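Written out below as structure tokens is the structure these notes cover.
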Amino acid sequence: MQSRKEHHGRMTKTGDKMMRPITERVTLSHIRFCDSPVTEYCRRKEKEMGTEKALITASGKMLTVIFAVLRDKHHFAA
């Protein structure tokens with residue numbers, strides 16, 4: 001069985017420069033106050049790559065969750 005994950009290379013700093021810190025703040029707030037798969041993912045990645053990079057990768061995961069919730073019109077249940 002093949003994996004359905006798409007890999008697009010390393011993390012880059014392309015994209016909207018104002019949105020990056022906003023998504024990081026949203027993710028940091030979520031990690032501090034919510035117990036969810038995104039929080040667990042960030043905690044696990046902190047051990048591997050450090051706090052700052054873990055926050056950035058968790059922000060990407062958080063955006064994926066937000067997009068899926070909006071696309072599918074479901075409520076987010078942490």
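Does any residue of the range 30-43 turn out to be more than 10 Å from the chain's Cα centre (by Cα), at pLDDT below 90, among the acidic types (Asp, Glu) and not in a helix (DSSP H, G or I)?
No: zero hits.
Working only within the range 42-78, note down all residues that are in contact with an Asp or Glu (Cβ under 9 Å, 6 or more places away or on another chain), surrounded by 12 or more Cβ atoms within 10 Å (Cβ to Cβ) and over 16 Å from residue 22 (Cβ atoms).
53, 54
For the range 48-77, what are the residues that are aliphatic (A, V, I, L, M) and under 11 Å from the mean Cα position of the chain (by Cα)? Steps first, please.
Of the range 48-77, the ones aliphatic (A, V, I, L, M) are 49, 54-56, 58, 62-63, 65-66, 68-70, 77.
Hits for the range 48-77 are 54, 55, 56, 58, 62, 63, 65, 66.
The values are calculated or read from the model by the stated rules, or taken from the named source; none is laboratory data. What you see is a predicted model, and the numbers here were worked out from it, not measured in a lab. Please note: Cβ atoms are built from the backbone with ideal geometry, for glycine as well, and neighbour counts cover all protein chains shown.
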